[in-house]
Amino acid sequence: MVRSNLGQDSFRFDSTGLGLVTRAIERERGDFGTRIELKRTRRVAAQHLLIRPRAAVKRSAASLVVIVSSMKLALLLFLVLVSNFLPSSLAAPSSSGDGYTITGRVKVEGMTSKGFGVSSKLLNAKIILNGGQSVTFVRADGYFTFHNVPAGTHLIEVAALGYFFSPVRVDISARFPGKIQAALTENRKALHELILEPLREEQYYEIREPFSIMSFLKSPMGLMMGFMLLVIFVMPKLVENMDPEEIRRAQEEMRTNFLPRSS
Amino acid sequence: MGSSNLRPRTAMAIWARLGFVILLLFFSATLSTALYEDQVGLADWHHKYIGKVKHAVFHTQKTGRKRVVVSTEENVVASLDLRTGFIFWRNVLGKNDHIDQVDIALGKYVVTLSSGGSILRAWNLPDGQMIWESTLPVSTPSKSSLYVLANMNVGKDNLILVFGGSSIHALSSMDGQIVWRKELSIDSLEIQQIFQPHDSDIINAVGFVGSSEFAVYQISYRTGEVMQQSKASFESGFCGEASLVFDNLVVALDASKSSLVSISFKNEVINFHQINLSDLVPDFSGKVTLLPLKFNGMLAIEIASSVLLLRVKGPNELEFVEKISHPFAVSDALPLSKEQQAFAILQHDESKIHFKVKSDNDLRNEILQETIQMDSQRGNIEKVFINNYIRTDRTHGFRFLVVMEDHSLLLIQQGEIVWSREDGLASIVDSTTSELPVEKEGVSVAEVEHNLFEWLKGHLLKLKGTLMLASPDEVAAIQAIRLKSSEKNKMTRDHNGFRKLIIVLTRAGKVLALHTGDGRVVWSVLLPALRRSETCGNPFALRVYQWQVPHHHAMHENPSVLVVGRCGHGFDAPGIFSIVDSYTGKVQNSLILEHSVSHIMPLPLTDSTEQRLHLIIDAKLQAHLYPKNSDSLKHFFNEMPNIYWYSVEIEKNKIRGYSLESKAEPDTAEEYVFQAKELWSIVFPSESEKIAVTATRKKNEIVHTQAKVVADQDVMYKYISKNILFVATVAPKAAGEIGSATPEDALLYAYLIDTVSGRILHRVCHQGAQGPVHAVVSENWVVYHYFNLRAHRYEMSVIEIYDQSRADNKDVWKLVLGKHNLTAPVSLYSRPDVMVKSQSYFFTHSVKSMAVTATAKGITSKQLLIGTIGDQVLALDKRFLDPRRSVNPTQSEKEEGIIPLSDSLPIVPQSYITHSLQVEGLRSMVTIPAKLESTTLIFSYGVDLFFTRIAPSRTYDSLTEDFSYALLLITIVALVAAIFVTWALSEKKELKEKWR
């Protein structure tokens, strides 16, 4: 019963979103507290595990959080999150029946500052779990959710035309259902919140460079002309500078080289 | 370079060197073959499809855009323009996310139920943006249905009911929240129907418990509380089919499926009445099927080959209305007004379709009766959806959305086809190509260029475009000129080999020829052999091959293709054979084989009429030779000792190699049947390995050179064999999807196997790697894509094999003096002396499909085509996957073109050949070499089709389309002018000097 009470606590909506997270961690601790009482044999292990969430609170209050609760609670919590349009995003894997729930958000620069509009380019962004195991779409506010994800290490990819997103590695711990980690696989950057931002915009077309003398000179025709001009104007100078003796020798050389072949 | 001149360098030599450097500058341009934005549509085309429609909901109430929302068998939910059939928007769901039902809620959201009733999503009707998504806990997979309640004036929110098995979920249509959830019974209850009596707060649910009990529940709309429930059992049992006729009457089939039972219920009292069908149908016998017809007071039953429409007058009173014979389609009921309902019956009669609309006021007569002519290549009607509109004279007009046997979708209104969509193309099974006919004499090409002035004007415009001087209007004009140039859409063969016919086989059994110029359908034929018939109940299209390709001297003959299918899904089902003319689509020959088809081998042999020889291997491991004539047999006997084949048995974890032997007496029917002789087998230990994927070289691939000149002028010989098989096996523990295994459990073995001798040439193990594996084999290399669990990234590996036994044959002197080993005996049993090089790189994306470019002579360097999870096709130069890459390549290696090693493969957005398009539901990419060596044609298909042509090493053998002839002219003119000017100047100078 401790569980559900604390769970109810965390529903009180906090405008910052951070409050919710910390409270959820506390609740978790409470949850483990009860477990320690029940299972004395596992006490040591549990205490070990306890350290982690505390550290997480210290490090960053808005770190990733797992909420363990009954199925109904998880669903309700999720719905509360959705219906309130939480300003800050969080991944809230919560165990429900046969798996966890991963909630994240896709954020693209240039979205309206209020955070609800999604640029038209993101309209059809697909979120793909584990290379196609399940596919979901981005909602109008940029959020997405995967339900019934088993514990393990998963891969989330974002397919949005015009943007390059790094796949995200998401670890849901089986032993300790209070721990989730996320990191971009491209640059191994750890994510504290499951907010996916494109690494870069993709330009699918070569950009035509505006007309300039340089681009003309670089074109085959320009190079041809330049080369010819060089030959016309610089060659005589070079020949002039050469030793007349050497020229004579070179001419002789050429004669001996080419004459036998032509005959 | 070769001259050993020790003379001091002259100025000439320096110039030569400089010129060489400049030349090099030209050719060492970027690796990618990128596209400018204004070149889109020039060489490529993209067609969007949706697939075979399963459900359709019209949205025509409001003024403005009239649309129809459909869900399809390709897991697409789409909104189509009702006037034109164009797609407003569409969303392609995941491959296992089959759509169960679609509906519109609140007049602004499209609601889809998918994944066996476990996912409910709402999409914004105008633009297809997902609004909300809800996951419903479904314990057992059962048939689930969706029921959107009519407005109950409870605020503005409507409830959406999802029922399946014994549970009902009610969700808010505003945000997808579960308002209530009810598990009705712990028994095996199957809810059949949910309905809402008019103007009440109560929902009725009816269903069967087990096989003999019928249950009725009354549930509160607001809370989900069960107000009333009643059950009754019927001694002869039910078969599970039922049809709701009135709010208090259900007609069901009994367990023997031979008689009807009407079930009336009122205030917890349930009464059963058995109805004898022989009263209605005098000569009735056999089984009955109940057709789903959501129509008040009506019932449709199928007996033998016809359908009876019955009117229910009371619990035990049925009236016969009409008998319809096959083929036909009946629509659901459409409410015209509060009291009146209408439904449509469509009946096929040869090439005509008769449309009848009846209303429940007067069942004897029709409101509307129309007949239209239908293209026989569309087959029979499969489904019909109707919608009405009010005509100017206030009568009802009707629209019919018709789904045909070939999966095409048509809208019919006032006896005319308003639009049609060839949506069978969303489910292509296989494809091949055919050359177009040669241009006949007398057909002039000169018409295209009208006059010199027009031509010059066009080129000037193009020049402006390339120099970025064109105004937007002019850019549009350039685009129009380019698209209009009908050159690419001609129906004749072209010099470069860009114009071809792509012949595709769809799942519906239709063969279509697409023109590579713009993707239009040149002809289409619904193969009679692949249609459902008495002899073949469940036909199934398999492959399409080139059957006859006439030689240059037999041009009067048309080429033809062979379509192979199967009767039913089992491996031992008899095969289907059809030969279709490639130019006209006429079926030349069609037969049902006596044997099954498990493997088809096109042989590199033709008979004297240039029909390609095919070996069909059946489930009993017998090989059947086609075409069956003595000539082909003669050719075949010559080659028979050289024919080897293999089979991969994934379930048994086994690969077996065979040769052929003939046992039959000559001049018998058995003459064309050969027995397989097992030569070798490789059995993978099933406790540690499981076959994930196999790949071989394309049969028609051409390799230009066997030798590879590496840095410092050394030569390596490629190990080129047509019989290399790549096999990847994974650990059974990690055979599932990503996220189901730990790195410790996962192992991936890659094998290279010679399929003639069964020898394993190479084997490599990747620790901590798992599938899905995608592989492509070409020349002497294999590239495969898999998932690395340790780094948690995708990886691509390359394996290249070189022949070491010939490594010593480099010295010319040895060859001259005969000290080479070229004449050394080659034996099957000798171990081939191969050297293997491999390297691995990270790759960002998941991959759906991989292919490699192929060119006419194999000279052009290769590019890998990677179909990414985002449904784009990326062209990646093979040079990035070269095992000789190192962190610091030496100077000579750099000159050879070796790229410094990096840990991951670069993804340059410009090298997406699909540029800013997506080939939704991408399944496969096909490369077709053009006649022009530098260029290859690429046809990729999935739900969409995309075609383009690429030049992996740029078009070095022809001028590009945007080559500016005007610039060339100007340059020449300028040069000539310069010559004259300098000539005049030098004359002057000379004159001056003479005067001095």
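Bear in mind that the values in this text are calculations on the coordinates, not laboratory data. Predicted model only: the values in this text are computed from it and were never measured. Neighbour counts are summed over all protein chains in view; Cβ atoms, including those assigned to glycine, are modelled from backbone coordinates with ideal geometry.
Looking only at region B:777-803, which residues have a backbone nitrogen under 18 Å from a spot 7 Å from the Cα of B:Ala707 in the C-beta direction? Those under the cut-off are B:780, B:802-803. When B:Phe88, B:Phe453 are arranged by Cβ crowding within 10 Å, least crowded first, meaning fewest neighbours, the order is B:Phe453, B:Phe88. Relative to the current alpha-carbon distance between B:Val715 and B:Lys266, full extension at 0.36 nm per residue lengthens the span by 152.5 nm. Note that region B:863-996 carries a Kirkwood radius of 19.4 Å, evaluated over its alpha carbons pair by pair.
Between B:Arg520 and B:Ser533, the modelled label-to-label distance comes to 3.3 nm, taking each label 7 Å out from Cα in the direction of the beta carbon. For region B:963-983, the residues whose amide N sits under 20 Å from a probe point set 7 Å from the Cα of B:Phe453 along the beta carbon direction are B:966.
If R0 is taken as 60 Å, the Cβ-Cβ distance between B:Val673 and B:Asn124 corresponds to a FRET efficiency of 0.50. Amide H contacts for A:Ser134 (H built 1.01 Å from N in the peptide plane; partners 5 or more residues away or on another chain; cut-off under 5 Å): A:Leu129. Could you list, in their original order, any pairs among B:Lys677/B:Lys722; B:Lys52/B:Lys313; B:Lys488/B:Lys510 whose Cα atoms are separated by more than 30 Å? Checking Cα-Cα distances, B:Lys52/B:Lys313 exceed 30 Å.
Anything in chain B that counts as a DSSP H helix reaching 27 Å or more along its axis (C-alpha) with Kyte-Doolittle mean of at least 0.5? List them, would you?
Working: long enough: B:965-995 (45 Å, 0.95).
Going by DSSP H runs, the hits are B:965-995.
Amide H contacts of B:Ser805 (H built 1.01 Å from N, in plane; Pro and chain starts excluded): B:Asp833 sit under 5 Å, all sequence-distant by 5 or more or on other chains. Amide H contacts under 5 Å for B:Leu605: B:Leu613, restricted to partners 5 or more places along the chain or on a different chain, H placed in the peptide plane at 1.01 Å from N. Per-residue 3J(HN,Hα) values for region B:875-881, derived from phi via the Karplus relation 6.51 cos²θ - 1.76 cosθ + 1.60 with θ = phi - 60°, read 9, 10, 5, 4, 4, 6, 10 Hz in sequence order (x marks Gly and Pro).
Using the Cα centre as the reference, give the magnitude of the dipole from point charges on the C-beta atoms of region B:832-894 (Lys, Arg: +1; Asp, Glu: -1; all else neutral), rounded to the nearest 20 debye.
Numbers: 9 positive and 5 negative charges, 27 e Å.
Using Cβ point charges on Lys, Arg, Asp and Glu, region B:832-894 gives about 120 debye.
Given a Förster radius of 51 Å and the C-beta distance between A:Arg255 and B:Lys698 as r, what FRET efficiency does 1/(1 + (r/R0)^6) yield to the nearest 0.05? Present the calculation step by step, with values, prior to reporting the outcome.
Values: r = 56 Å, r/R0 = 1.10.
The calculated FRET efficiency here is 0.35.
Counting other beta carbons within 10 Å of each Cβ, put B:Lys848, B:Lys66, B:Lys143, B:Lys699 in order, fewest first.
B:Lys699, B:Lys143, B:Lys66, B:Lys848
Shown for B:Phe577, B:Phe843: other C-beta atoms within 10 Å of each C-beta, ranked fewest to most, produce the order B:Phe577, B:Phe843. So for chain B, taking the charge dipole from beta-carbon charges (+1 Lys/Arg, -1 Asp/Glu), which of B:Ser582, B:Leu969, B:Gly897 sits furthest toward the positive end? Highest projection toward the positive end goes to B:Leu969.
Here the Karplus relation 6.51 cos²θ - 1.76 cosθ + 1.60, evaluated at θ = phi - 60°, turns the backbone of region B:613-619 into coupling constants of 7, 10, 9, 10, 9, 9, 5 Hz, with x for every Gly and Pro.
Shown in residue order for region B:320-329 are the 3J(HN,Hα) couplings computed by the Karplus curve 6.51 cos²θ - 1.76 cosθ + 1.60 at θ = phi - 60°: 6, 10, 8, 10, 10, 9, 5, x, 7, 8 Hz (x for Gly and Pro). Each of B:Gly497, B:Thr392, B:Pro197 was placed along the dipole of chain B (beta-carbon charges, centred on the mean Cα), and the one lying farthest toward the positive end is B:Gly497.
Here is the short version for chain B: B:Cys239, B:Cys765 have no other Cys C-beta closer than 4.7 Å. Taking a label point 7 Å from the Cα of B:Gln229 along the Cα→Cβ vector, which residues of region B:192-219 have an amide N closer than 18 Å to it? Under 18 Å, as judged by backbone N against the label point of B:Gln229, lie B:192-195, B:202-219 of region B:192-219. Length available on full extension from B:Ser958 to B:Ser681: 0.36 nm per residue minus the Cα-Cα distance, which gives 94.8 nm. Computed on chain B, with alpha-carbon pairs under 8 angstrom and 6+ residues apart, the relative contact order is 6 percent. Between B:Gln414 and B:Ile390, the modelled labels are 1.9 nm apart [label points 7 Å from Cα along Cα→Cβ]. Per-peptide packing, taken as the mean over residues of other Cβ atoms within 10 Å, places B:913-924, B:409-420, B:499-510, B:638-649 in the sequence B:499-510, B:913-924, B:409-420, B:638-649 from highest down.
How would region B:50-183 be classified by its alpha-carbon gyration tensor: rounded, prolate or oblate, with rounded meaning a/c under 1.5 and the a/b versus b/c comparison settling the rest? The shape class here is oblate.
Let me know the charge dipole size of chain B about its Cα centre in debye, to the nearest 20, where only the beta-carbon of Lys, Arg (+1) and Asp, Glu (-1) is charged. Before the final figure, lay out each step's value.
Numbers: 102 positive and 109 negative charges, 638 e Å.
That gives chain B a dipole magnitude of about 3060 debye.
A Förster radius of 41 Å, combined with the Cβ-Cβ distance separating B:Lys894 from B:Arg790, puts the computed FRET efficiency at roughly 0.80.
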